[in-house]
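The values are calculated or read from the model by the stated rules, or taken from the named source; none is laboratory data. Computed from a predicted structure; not experimentally measured. When we count neighbours, we look across all protein chains shown, and the Cβ atoms used for this are built from the backbone with ideal geometry, even at glycine. Heads up: the accessible areas ignore ligands, DNA and RNA and are worked out on the full protein's heavy atoms, side chains in. Shrake-Rupley method; radii C 1.70, N 1.55, O 1.52, S 1.80 Å.
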Amino acid sequence: MSAFRNIVEAPGNSKFVLQGNAAFALGVVHAGYHAADGYPGTPSTEVIDRSLAHVQDRIQVGWSVNEAVAVSVCLGRAIAGYDSVVTMKIPGVFQAGDAISTSAFFTAPAGALVIFAATDYDPSSTQHVIDARHFLSSARLPVLEPRDHQEMYEIAWTAADMSREFHTPVVVLASGILAHSEGLITTQEPRAITPRAVPENLHNWMLLPSIARKNYNKATQERIPLIQAWTETSNLVEEIEGSEDWGVIVSGESNIIVKEALQAANARPPMLSLAITNPLPKGRIKAFAKKIEGKLFVIEDGDKFLQDKVALLDVDVIGKDEYSTLTNWTPGDVLELLSKHTDIQYKAEKKRINIKPIARPPSICPGCAYKALTLCVAKLKKKKKIFAIFGDIGCSTLLYFFNALDTASCMGASDSMRQGFVMSHPEMASKTISIIGDSCECHSGLDSTRNAVFRNVPGVKIILDNRITAMTGGQPSPSSEINLEQQLHKFNLRKAVEAEVERTVVVDAFNLDEIDKELKKALALAEKGEFSALIVEGACIQEIENNEKIRTLQIDYDKCKCKTCLLSDICPGIELGDDNLPRFTNLCTNCGSNPQICMQYCPFDAVVPLEEARDTSKQQLPKPEEVPAVTVGKDKLPESLRVAIRGIGGQGILFFGRVLSEVAKRTPYSETHIIKGDTHGMAQLGGPVISTFGCGQVYSPIPAPNSVDVLVVMEVSEVLRPGFLDLLKPDGTIIFNEFTALPVNVKREDYPDPNKIEKALENYNLIKVDANKMAYDLGDESGRIANVIVIGLLSTIEPFDNIPEEIWLSALMSVSPTDFIKSANQTAFKSGRSYHE
């Protein structure tokens, strides 16, 4: 039984620490929705992927080929009387813009239609920092913005009820910070909703121009005013009393950011907190503003949407400057703004180390099926046989860091851009290519493929088919054998492309020579005016069983002559050793037991079969020990605990937070608050990762400066990231793991000197540990348990040492799924504890 199902079936008033997306999904089930649809897109994916997909006996769930299709599918369900939700990221809102804005002007009774869109205002995993509220408000759609994790759960009820009552789609615009962080929530008793009866006819869902005009007027003059009047007494608007003469208006997730900042400054101003930003509760805002004798601030994520709307009410406010680029507030940003205009006791003390942090771009996974094609394209570009490579969205975007991609726009645009370029410069037909992944091809790329044939544009389009939507975590796409409903389907990407393109060639992703030959042949034919589609087929390495990833290769140093593998950045599984020779790293996946690319690429045949591969999965460990149940009194604990962990994707950084959340749930902190924040998206693939945790009197997954008890550094250079040291309390501790990892395309001599970094930290309370070496000594060559060793060490450091060892072990065992992992984690944890004791 899945963990999410257990949560769904728990009795009302149960407490859980849930990711924001999971909290919303739980609300969807408990609020009685009948169906959910969407398209995978960080940071919205987990609403369906890790949540609703596991309770398909309670709600109909599926992935559609793109967001526009998903919206129209759910519109059809609403017409049929079903309460439905459709999920997407912000670029998906604009991809589905026609479907969303058209559905906005149907005004007949129907089932609920809720659009869940997760923002990414950094951005960390999309190309959009666009504030969709301007578009959504012009479509006369109500926009709800959950303020915390509890409201992420509860907003599902509110949105469905509004949609049915006011005959409108409702948009839940969820902050990506809330969507991908975790917080403590309390559940309600589930309800069941009877679907509306099917209408006698569907004429109310016709939008001829004259009808569209009439419905637009009705939405503008009746629907929005009705909702605006409703907001004045809604619990989506909360007024908090305070003792300062100045006040703050906040919306959405900025609510908890501001509360975290105010706690750090020991300030208590009056606040007006909004979970709806279209339409606005104008009466409440005006009444609140009249009570404020001093200055009034507006804090919101995204653009100045709320700030400008409040200003139109003839209310003087302070917020972002006219050309501000601030789109995600942090507690530090809030404190800086307030300190300029009020007398709060906050002094920004930036801690600076005069060592530049190293760029750490995300990388394709070791053993990725895209690697052979990457090497071939980069080689042809270096030889000037290829001038430009037009790219797309997804894992294939990462080819940019290997000089095998030049551009990326929106999903499905790669070959369209190539076509426009070639039609402008026909001589470039044989010197430009496009690259797209299979899920993007199914999303909107097939339209572009068809256009190349329709417009007679010669050239080469490469479709990388790994049979999955890989970048967002391995969701099924039309190129997969089965859909989310676990049904076989009849769509075949290869046949679809062959039906469009006369010359379609399929090649094995792990056959380096074949890819090289077919690519050169296609380019030659492009010079003669022919269009070719090359489909490069190979399974995503993340979908291959672990027993297929055990390294079976070694380097014969008698044959090793050229270091071509290093100069080409062939794979994160190979690095330059201390002896100035290449060596395999613990990241090697053996190409999933496919023909290994490094063996094919080596010109001197220096990569040879390993005489005996070590299968650590069969390593014998003692049976895990039983952990006695113990408790800890509230009087033994500080008011709050905070920790921030930095490292790189693949080090198990997110696992820290899972363990810490389980620890806190076993203490009196479960009666106050528990919150955890993580970096997701492209950072998972070798880029910088930060995980934060707090329990007790805490609000935000983003800590205020000088508020964190312990900083954990899992990779040496990551301590240099801007703002990280600023989080530490004056008497706080740094756990410093002496492990280094070279990023993609970085030479060892360009890596910051670890000795200089340690020297710069000499005035801090620094605890050095080589957890990766300790893991190796325990038999873990991969270093996978290094994070657990550090958790053991953390449990001995003040103030975390106030929590008994048994609680730590109980928490660790609860997130260790097998006896083997339980035993390995117990051993690692105790090793970490003994290191400091």
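With viscosity set to 1.567 mPa s and temperature to 4 °C, compute the Stokes-Einstein D of segment 242-292, Rh being the Kirkwood radius across alpha carbon pairs; µm²/s, no decimals.
Here the translational diffusion coefficient equals 112 µm²/s.
Ratio of alpha-carbon Rg to the 2.2 N^0.38 Å globular estimate for segment 664-750, to two decimals, please. The partial results should precede the final answer.
Working: Rg = 15.2 Å, N = 87, 2.2 N^0.38 = 12.0 Å.
Relative to the rule-of-thumb radius for its length, segment 664-750 sits at 1.27.
Evaluate the relative contact order of the chain (contact order divided by residue number), counting alpha-carbon pairs under 8 angstrom at least 6 apart; express in whole percent.
Relative contact order of the chain: 10 percent.
In 10 Å bins starting at zero, report the fraction of Cα pairs in segment 69-156 per bin as a rounded %.
Answer for segment 69-156: a P(r) of 16, 47, 32, 5 percent.
What is segment 1-76's relative contact order, in percent, from Cα pairs under 8 angstrom and six or more apart in sequence?
34 percent
How long are the semi-axes of the equivalent ellipsoid of segment 443-582, taking √(5λ) for every eigenvalue λ of the Cα gyration tensor, in whole Å from largest down? The partial results should precede the final answer.
On the way: eigenvalues 227, 113, 26 Å².
Semi-axes from the Cα gyration tensor: 34, 24, 11 Å.
I need the peptides 511-517, 119-125, 352-358 ranked by packing, meaning the mean over residues of other C-beta atoms within 10 angstrom, with the highest value on top.
So the peptides 511-517, 119-125, 352-358, ranked by packing, come out 119-125, 511-517, 352-358.
Given the convex hull of the Cα atoms of segment 1-144, what is a quarter of its surface area in nm²?
Mean shadow area of the hull around the Cα atoms is 8.9 nm².
For segment 250-391, just the Cα atoms, rotate onto the principal axes and tell me the three extents in Å, largest first.
Per principal axis, max minus min of the Cα coordinates gives 70, 41, 27 Å.
Out of residues 5 or more away from ILE462 or on other chains, whose amide H comes under 5 Å of its own, with H placed 1.01 Å from N in the peptide plane?
When sequence neighbours closer than 5 places are left aside, the close amide H contacts are SER434, ILE435, ILE436, LEU534.
Run the numbers on segment 458-554 and let me know its relative contact order in percent, using alpha-carbon pairs under 8 Å that are six or more apart. Please list the in-between numbers first.
Values: 132 pairs, mean separation 39.0, N = 97.
Value for segment 458-554: 40 percent.
For segment 513-524, just list the computed ³J(HN,Hα) in residue order, Karplus coefficients 6.51, -1.76 and 1.60, θ = phi - 60°, integers in Hz, with x standing in for Gly and Pro.
5, 5, 4, 4, 5, 5, 5, 5, 5, 5, 5, 5
My understanding is that a pair violates if its Cα-Cα distance is over 26 Å; which of LYS89/LYS351; LYS89/LYS431; LYS773/LYS830; LYS381/LYS559; LYS379/LYS528; LYS385/LYS461 do that in this structure? All intermediate terms of the calculation are to be shown ahead of the outcome.
On the way: LYS89/LYS351 35 Å; LYS89/LYS431 34 Å; LYS773/LYS830 15 Å; LYS381/LYS559 28 Å; LYS379/LYS528 23 Å; LYS385/LYS461 16 Å.
From the list (LYS89/LYS351; LYS89/LYS431; LYS773/LYS830; LYS381/LYS559; LYS379/LYS528; LYS385/LYS461), the Cα-Cα distance tops 26 Å for LYS89/LYS351; LYS89/LYS431; LYS381/LYS559.
What percentage of the solvent-accessible surface of the chain, computed with a 1.4 Å probe over protein heavy atoms, is contributed by carbon and sulfur atoms?
Result for the chain: 49 percent of the exposed heavy-atom area is carbon or sulfur.
Compare SER816, SER409 by solvent-accessible area with a 1.4 Å probe and give them largest first, with all protein chains kept in place.
SER409, SER816
In the calculated pair distance distribution of the chain, what percentage of Cα-Cα distances lie above 56 Å?
10 percent
Hey, can you grab everything whose amide H is under 5 Å from the amide H of ILE318? Only 5+ residues off in sequence or another chain; H modelled, so Pro and N-termini drop out.
Here LEU296, PHE297, VAL298 satisfy the definition.
Taking H as built 1.01 Å from N, whose amide H comes closer than 5 Å to the amide H of ASN586, not counting residues under 5 places away?
Under 5 Å from the amide H of ASN586 lies no amide H from a residue far enough along the sequence or on another chain.
Could you size up the charge dipole of segment 380-448 around its Cα centre, putting +1 on the beta carbon of Lys and Arg and -1 on that of Asp and Glu, and report it in debye to the nearest 20?
In total the dipole reaches around 560 debye.
What per residue convex hull volume, in Å³, comes out for segment 526-611 when only alpha-carbon positions are used? Mind showing how you got there, number by number?
Values: hull volume 11.2 nm³, N = 86.
In segment 526-611, the Cα hull volume divided by residue count equals 131 Å³.
Sort 387-395, 762-770, 20-28, 242-250 by packing, meaning the average of other beta carbons within 10 Å per residue, with the highest value first.
Values: 387-395: 23.7, 762-770: 14.0, 20-28: 30.3, 242-250: 20.1.
Put in order of decreasing packing, that is 20-28, 387-395, 242-250, 762-770.
Under the Karplus relation 6.51 cos²θ - 1.76 cosθ + 1.60, θ = phi - 60°, what is the ordered set of whole-Hz ³J(HN,Hα) values for segment 47-59, x standing for Gly and Pro?
4, 9, 4, 9, 10, 4, 4, 9, 9, 6, 7, 9, 8
In whole Hz, with x marking every Gly and Pro, tabulate ³J(HN,Hα) for segment 236-241 from phi via Karplus 6.51 cos²θ - 1.76 cosθ + 1.60, θ = phi - 60°.
6, 10, 10, 9, 10, 6
Is the C-alpha gyration tensor of segment 349-401 telling us rounded, prolate or oblate? Criteria: a/c under 1.5 is rounded; beyond that, a/b larger than b/c is prolate, otherwise oblate.
Note, shape of segment 349-401 comes out prolate.
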